[in-house]
1. So, with a 1.4 angstrom probe, what is the percent of accessible area on the stretch 48-246 that is carbon and sulfur?
2. Given a 1.4 Å probe, how much area per residue of the chain is accessible, in Å²?
3. What span do the alpha-carbon atoms of the chain cover on each of the three principal axes, reported in whole Å from largest to smallest?
4. Report, for the stretch 48-246, the % of DSSP beta bridges that are antiparallel, rounded to 5.
5. Give the relative contact order (percent, whole number) for the chain; include only Cα pairs under 8 Å separated by 6+ residues.
6. If each residue of separation counts as 0.36 nm, what is the full-extension length gain between L17 and A208 once their alpha-carbon separation is subtracted?
7. Over the stretch 48-246, how many pairs of lysines fall under 21 Å by alpha carbon, counting only those 8 or more apart in sequence or from different chains?
8. What do you reckon, how do E209, E105, E220 stack up by accessible area (1.4 Å probe), largest on top?
Amino acid sequence: MGPPRRPFRFVSLLPYLGLILLLLWLWSMVPKGPFLPEPGTIESATPVVVVDAGHGGHDNGAMRGGLVEKALTLDTALRLERLLKQRGFTVVMTRRDDRFIELYERSRVANQYARALFVSVHFNDSATESGEGVETFFASEKVAGGASRKVEPPPADKGAAFAQAVQRSLVSRLGALDRGTKERSFAVVRHTRCPAVLVEGGFMNNPAELRLLKEPAYRERLAAAIAEGVTNYHRQRAMEAAKGAVAKSK
Ligand SMILES: [Zn+2]
């Protein structure tokens with residue numbers, strides 16, 4: 001006969017039970033996925049570039065000589081996406097295929113990001129003039145907070161400096177006629193909270209420019225020029241921010 005066995009007491013289990021409850025409580029405190037960023041909370045030093053291919057779906061845009069604007073804008077936008085990614089930018093496309101998207105929806109995509117740059121790609125068409133060259137538009141006035149009624153501060157640059165950087169690259173890289181930067185009340189730039197531009201990459205009713213736009217190599221150069229403009233503007237802003245930080249610390 002061995003030593004007498006201690007009678008089982010529930011009380012002796014209590015410390016273990018307590019430990020299990022503690023572990024369960026800790027587990028409940030661990031945040032569970034999916035870890036998608038909340039709109040408006042995405043912050044990064046490098047802005048998200050929102051690339052908007054104009055038109056799409058039932059909205060063809062201009063049509064000349066067998067070319068449709070919505071297809072030209074998408075092709076150029078996809079090239080721009082690739083080139084910007086190569087330069088280290090995060091890129092968000094408003095469309096990646098042939099579909100119709102409301103203008104406000106295009107702005108809303110960009111307004112989800114705390115730091116963004118918005119580039120809309122279009123091609124000109126004119127019934128009244130032969131038309132020649134490239135031009136870059138920005139908002140004459142920003143509607144803060146986009147289509148939502150939220151009151152948010154307008155950006156320091158409503159697009160003028162951004163437009164200048166892009167236009168400068170377009171003119172120097174393409175050798176195209178410089179029509180300059182222009183203030184206009186286009187919905188996509190007006191309702192986009194971040195600095196936003198709308199690029200008109202040539203006239204489809206101008207036979208010489210239409211011939212160029214038909215060439216994939218030319219559209220690649222056009223996309224490269226826009227990507228360079230975006231990069232230059234980003235660098236310029238980063239330098240200004242750094243200078244501002246130094247001035248503050250003095
Ligand atoms: Zn257009």
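1. Details: 4660 of 8930 Å².
The value for the stretch 48-246 is 52 percent carbon and sulfur by accessible area.
2. Value for the chain: 57 Å² per residue.
3. Reported extents, whole Å, longest axis first: 111, 53, 35.
4. Just about 20 percent of them are antiparallel.
5. Details: 445 pairs, mean separation 54.4, N = 250.
Over the chain, the number comes to 22 percent.
6. Numbers: separation 191, 0.36 × 191 = 68.76 nm, distance 8.22 nm.
My answer for the length gained is 60.5 nm.
7. 7
8. Ranked from most to least accessible, the order is E105, E220, E209.
The values are calculated or read from the model by the stated rules, or taken from the named source; none is laboratory data. Quick caveat: nothing in here was measured; it's all calculated off a predicted structure. The protein model used for the area step is the full one, side chains on, heavy atoms only, and it has no ligands, DNA or RNA in it. Shrake-Rupley method; radii C 1.70, N 1.55, O 1.52, S 1.80 Å.
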